[in-house]
Amino acid sequence: MSSARDSMQAVTAGACFCFCSVGMMFFNKMAIQAFPLECILVAMQMAFAALVLLTFGWSSLHFGSLIDVLRWFMVLPFFTSMLLTSILALKNAPMSLSITLRALSPLGSLLVERFYPDPLRITPAVIMSIVVTVVGAAVYCSSLEKEAMAGVGWVVLNSLIATGDRLVCRLLLAKDQCPVDLSKTACTLISNAGGVIPLTIAAYCKGEFSALPTVLAALTPLDSLFILLTCVIGLGISYSGIWAQSLISATSFLVMINANKFFIIGIEAFGLHTKVLTKTQVAGASLTLIGAILYGRARQLAEEVKEKEPLLPQTQQGTKHA
């Protein structure tokens, strides 16, 4: 019963995160075009999440000890940098490029997870799905326009930082690793509140505050709505991300993120018409995401085999005594 309940909780958390992830990428793309001050935009999103949690989630905040809080501070540079580089990637590159290259992020987490206290086994199915993912990304990038190359660096940097964020969160959240004694709302509050100050300083150093009056004057009601929605969905993605990462591995979490992005590619190519995808790019992006889905399935099977492993020595020992 407990296993079924945990599985249902993982599915619910994953579904909530996927929904927020799709919405966040779409509305962030709209918001950064209307409000091109990335540091201020991300700082507003994080400040909004912190204020809402302090106002409405006070009763659910739990801080085990100062040590737990300080340990969670390890997440802050990853989380803040991930949000900022995500905005910069969307500002300088098409969403389909971001999605395709981010599909490679589970490869990095797979390597790092080998050094975890309780790593998963690498199977032939895992290796085959990796090959499919890499080939798909290569096919997509082979026909990439020169204008889009300017955003590749931000996408790659964002993918690396996101991988680090998921790995650190997994280490500090999973029951089978080294968890902190903090509630999910407390983790979300620290992650968001802790990033506001450095982003505000960065915005000042970049001169964003001097450009703020001009940008605000040019905003339309629809632009303001997009910005508000990024703040609301940002709170949802922060909480559901921590919730999901406490239940599944970092690699599986990254695969889950990538697998729901078919919808984004369709919106960009056929809804927004902001990016004309060639047949080669569609094939490459699709192959990459199919590889990511296969990878997730392979990891799930590996996890199931791993759960059964502790029973084998006991069974063999019992047979021997008999």
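The values are calculated or read from the model by the stated rules, or taken from the named source; none is laboratory data. Here the structure is a predicted model, which means the values were calculated and not measured. Neighbour counts are summed over all protein chains in view; Cβ atoms, including those assigned to glycine, are modelled from backbone coordinates with ideal geometry. For the accessible areas, the whole protein counts, side chains as well, though only heavy atoms, and no ligand, DNA or RNA atoms are used. Shrake-Rupley method; radii C 1.70, N 1.55, O 1.52, S 1.80 Å.
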Take the Cα of V215, step 7 Å along the line toward its Cβ, and report every residue of region 60-83 whose backbone nitrogen sits under 17 Å from that point.
81, 83
Taking only protein heavy atoms into account and a 1.4 Å probe, give the accessible area per residue of region 185-243 in Å².
47 Å²
Quick calc: nm separation of the 7 Å Cα→Cβ label points for R297 and T12 -> 2.7 nm
Length gain on complete extension for the stretch L228 to Y204, per 0.36 nm per residue less the alpha carbon to alpha carbon distance?
6.4 nm
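Can you flag which of K91/K279; K91/K175; K184/K279; K29/K206; K29/K279 are past 32 Å Cα-Cα? Walk me through the numbers before you get to the answer.
On the way: K91/K279 24 Å; K91/K175 37 Å; K184/K279 43 Å; K29/K206 21 Å; K29/K279 23 Å.
Beyond 32 Å between Cα atoms: K91/K175; K184/K279.
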Can you tell me the FRET efficiency between I197 and I122 if r is taken as the Cβ-Cβ distance and R0 is 56 Å, rounded to the nearest 0.05?
0.85
Here the gain from full extension of H62 to M74, 0.36 nm per residue of separation minus their alpha-carbon distance, amounts to 2.5 nm
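Provide the packing ranking of 283-295, 62-74, 123-135, i.e. peptides ordered by the mean count of other C-beta atoms within 10 Å per residue, highest first.
My ranking of the peptides, most packed first, is 283-295, 123-135, 62-74.
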Inter-probe distance in nm under a simple model that places probes 7 Å from Cα toward Cβ, at F19 and T280:
4.0 nm
